[in-house]
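For reference, the structure discussed in these notes is given below.
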Amino acid sequence: MGKEKTYLGVPVYRPRVAFFEFTSCEGCQLQILNREESLLDFLNLVEIVDFREAMTEGSDDYEIAFVEGCISRDDEVVRLQEIRQRAKVLVALGSCACFGGVNQLKNRFLDQGWVHRQVYGEYPIASLPVRSLADIVTVDVSIFGCPIKKEEVEKIVTNIALGKSIVHPKYPVCMECQANENICLFDLGEPCLGPVTRAGCDSWCPNNRAGCWGCRGPADDADPQRLKAIMVKHGFSLETIIDRLDCFGGFVRESARLRDELENVGQTGSVDPGGGI
Ligand code: SF4
Ligand code: SF4
Ligand code: SF4
């Protein structure tokens, strides 16, 4: 894909980028290839040298590595470390790479042997507890979401190419949701993690009348007590809140705090409704 681009005869700098996948559904890479209307613009921004889902050529000479997926095998650890050594910038692409994603749900089972037998039967397939990329190597940039939004990737690639800083929204999904004039899902009887989840998806799920499951992880000032207060006020249990927080792996601390409370409820028999709404 790599003919030199020029503008008024002057070569235009395009970073050499590569895409790699580990344990994942490859949906984030598919997002890059989707949106044909912007694909050519994207290819003008970068020189893609390795992208198994889209091309047969490959190369070890790249500056930016986009890495999708979590790590669940020993050979993946070695391959990730090699990619880290070659790349100037390593970008974690999507919730699996950033937090373990839906794959990390398996870590919550005490009997990992049972999980293995349910999925693989007696086949001798190696499958370790799931880890995020940052558990193993240094991650320079994270792009959140399950799946990621291509517009966000394009903006981040442009910023990297131009040496500009990358700033994620600090505020929660609720801000985008209200700007989009949606009816709040709590008023329709549905739970939603919008109050604590980092914005940037343009409130993708609530726009389609579905509650947020927190795939982008916590907003900067995420307050699980405030979320709990809203949930309890609308009749949802601590278990419902914890189930949602656990889904993508981005709310490990918040979920653990509420789990502690749940244990106390088991002992005292009552839920503290919290405050702040
Ligand atoms: S983050 Fe979601 S869409 Fe992306 S690879 Fe993981 S499961 Fe697939
Ligand atoms: S639907 Fe969800 S994201 Fe939208 S305002 Fe209500 S709680 Fe916030
Ligand atoms: S609304 Fe929530 S679950 Fe849906 S895409 Fe946005 S952050 Fe992810």
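The values are calculated or read from the model by the stated rules, or taken from the named source; none is laboratory data. All values derive from a computational prediction rather than experimental measurement. We place every Cβ from the backbone using ideal geometry, glycine too, and count neighbours over all the protein chains shown.
For this structure, a couple of remarks:
- Scan of the range 28-50 for residues that are surrounded by fewer than 16 Cβ atoms within 10 Å (Cβ to Cβ) and either modelled with pLDDT of 85 or more or on the phi < 0 side of the Ramachandran plot (or both), ordered by number: LEU30, LEU33, ASN34, GLU36, GLU37, SER38, LEU39, LEU40, ASP41, LEU43, ASN44
- Residues within the range 199-224 that are touching a residue at least 40 places away in the same chain (Cβ under 8 Å), crowded, with 16+ Cβ neighbours inside 10 Å and more than 7 Å from ligand 3 (Cβ to nearest atom), tallied: 5
- Residues that are buried (at least 16 other Cβ atoms within 10 Å of the Cβ) and either outside the structural domain of ILE183 (by TED's automatic domain parsing) or more than 11 Å from ligand 3 (Cβ to nearest atom) (or both) within the range 235-249 comprise PHE236, LEU238, ILE241, ILE242, LEU245, ASP246, GLY249, listed in sequence order.
- Matching residues in the range 130-175 - criterion: being within 16 Å of ligand 1 (Cβ to nearest atom) and among the basic types (Lys, Arg): ARG131, LYS149, LYS150
- Every test in (1) at pLDDT 95 or above; (2) farther than 22 Å from ASN103 by Cα is passed by SER237 save one, and that test is (1).
- Only one of ASN103, ASN182 that is closer than 26 Å to VAL252 by Cα and either within 12 Å of ligand 3 (Cβ to nearest atom) or touching a residue at least 40 places away in the same chain (Cβ under 8 Å) (or both): ASN103
- All positions within the range 188-204 that are under 17 Å from SER142 (Cβ atoms) and touching a Gly at 6+ places or on another chain (Cβ under 8 Å): THR197, ARG198, GLY200, CYS201
- Residues being more than 9 Å from ligand 2 (Cβ to nearest atom) and buried (at least 21 other Cβ atoms within 10 Å of the Cβ) - total across the range 185-198: 2
- Within the range 242-269, the set of residues being in a helix (DSSP H, G or I) and under 19 Å from the mean Cα position of the chain (by Cα) comprises ILE242, ASP243, ARG244, LEU245, ASP246, VAL252, ARG253, GLU254, SER255.
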